[in-house]
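K.L.:
What follows is a structure written as structure tokens; I'll ask about it next.
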Amino acid sequence: MYDNICKFIAENFKDDLATWLLGSPIKLTELSPTELSSEPIRADSLILLQSDDLVLHTEFQTDADEDIPFRMLDYRVRVYRRFPNKTMRQVVIYLRKTSSELVSENSFKLNNTYHQFEVIRLWEQPTDRFMSIPGLLPFAVLSQTNDPTMVLTQVASSVEAISDRQLQRNIAAASGILAGLVLNKNVISKILRSEIMRESVIYQQILEEGEAKGEAKGEAKGKAETTRKMALNLLRIGMSLEQIAQVTELSLEQIQVLQEEIQKS
């Protein structure tokens, strides 16, 4: 979830992301991973943005991942194949503080092959870097601070000052969600107004995803109950356990449990 929130921020605040990572608000447009290869590509935390002469590849990671170095090489080759004359900047941004050595790895080595990329660990970044640009406010609470509660309070004040209501809602929601990596939900709800967060695009997307998962679970539960009732009925008419297993795709152990239920009742 946290990776996807960062992806939402990066895709909707491209100028702010460019200001942070490239040093200036270079106009960037989205580059679809499907433009690079027809082969499967991991896209949940991947952001590809491009200008006329540059491709910016960022990956937000909640936790350490040993596959990152190879993935960065893989994406670099894919981009080169599609845009051989464009410069490419690759940045991996780690969100949650960890002592894992993996978050310090910034290169891939294989015999004579060597590829290097940039790594940012948010907990080492100065808080002020994120406080002056609206699209970066959600990252402030994860920055270099001993008092994330105070930082989130400052973020909330900055959010309140945003005049664009939809922008205000989205920044508030993103800030509240990412704050969950370092603060408990009770502290967050006291600082950020929940009604603003609920009206945000991000919140609505999360709600829709949750409803979809709930429906899927409901369907799975309903199917399981139907299968259970079928197995019980087949047991009552004397069908063998092996035959019931073939019909219902339940294991013999599951059917034996149902058989014991019938015997007890």
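K.L.:
Quick one: of LYS97/LYS190; LYS14/LYS109; LYS7/LYS27; LYS14/LYS97; LYS97/LYS185; LYS14/LYS185, which pairs are farther than 22 Å apart, Cα to Cα?
P.N.:
Correct reply: LYS97/LYS190; LYS14/LYS109; LYS14/LYS97; LYS14/LYS185.
K.L.:
State, in angstrom, two size descriptors of region 55-123 derived from its alpha carbons: Rg to one decimal place and Dmax to the nearest whole number.
P.N.:
12.4, 38
K.L.:
Taking K and R as +1 and D and E as -1, what net charge do the other residues with C-beta under 14 Å from the C-beta of LEU122 add up to?
P.N.:
Here the charged neighbours net out to -2.
K.L.:
Hey, if we sort LEU22, LEU137 by accessible area with the 1.4 Å probe, largest down, what's the order?
P.N.:
Order by accessible area, largest first: LEU22, LEU137.
K.L.:
Keeping the other protein chains in place, figure out the carbon and sulfur percent of the accessible area of region 16-153, with a 1.4 Å probe.
P.N.:
Answer for region 16-153 is 45 percent, counting heavy atoms of protein chains only.
K.L.:
Let me ask another. How much FRET efficiency would the formula 1/(1 + (r/R0)^6) give for GLN166 and ILE262, where r is the Cβ-Cβ distance and R0 is 45 Å, rounded to 0.05?
P.N.:
Once the sixth-power term is evaluated, E becomes 0.15.
K.L.:
On to the next question. Hey, rough spin-label estimate for SER24 and LEU181, points 7 angstrom out along Cα→Cβ, what's it come to in nanometres?
P.N.:
Computed distance between label sites SER24 and LEU181 equals 2.9 nm.
K.L.:
For region 34-164, report the accessible area per residue in Å² (1.4 Å probe, heavy atoms, rounded to an integer).
P.N.:
On a per-residue basis, region 34-164 sits at 51 Å².
K.L.:
Then there is this: With each label point set 7 Å from Cα along the Cα-Cβ vector, what nm distance links ASN146 and ALA224?
P.N.:
Going from the ASN146 label point to the ALA224 one covers 4.8 nm.
The values are calculated or read from the model by the stated rules, or taken from the named source; none is laboratory data. Everything numeric in this text was worked out from a predicted model, so none of it was measured. Note: ideal-geometry Cβ built from the backbone for every residue, glycine included; neighbour counts use all protein chains shown. Quick note on the areas: whole protein, heavy atoms, side chains included, nothing else; ligands and nucleic acids left out. Shrake-Rupley method; radii C 1.70, N 1.55, O 1.52, S 1.80 Å.
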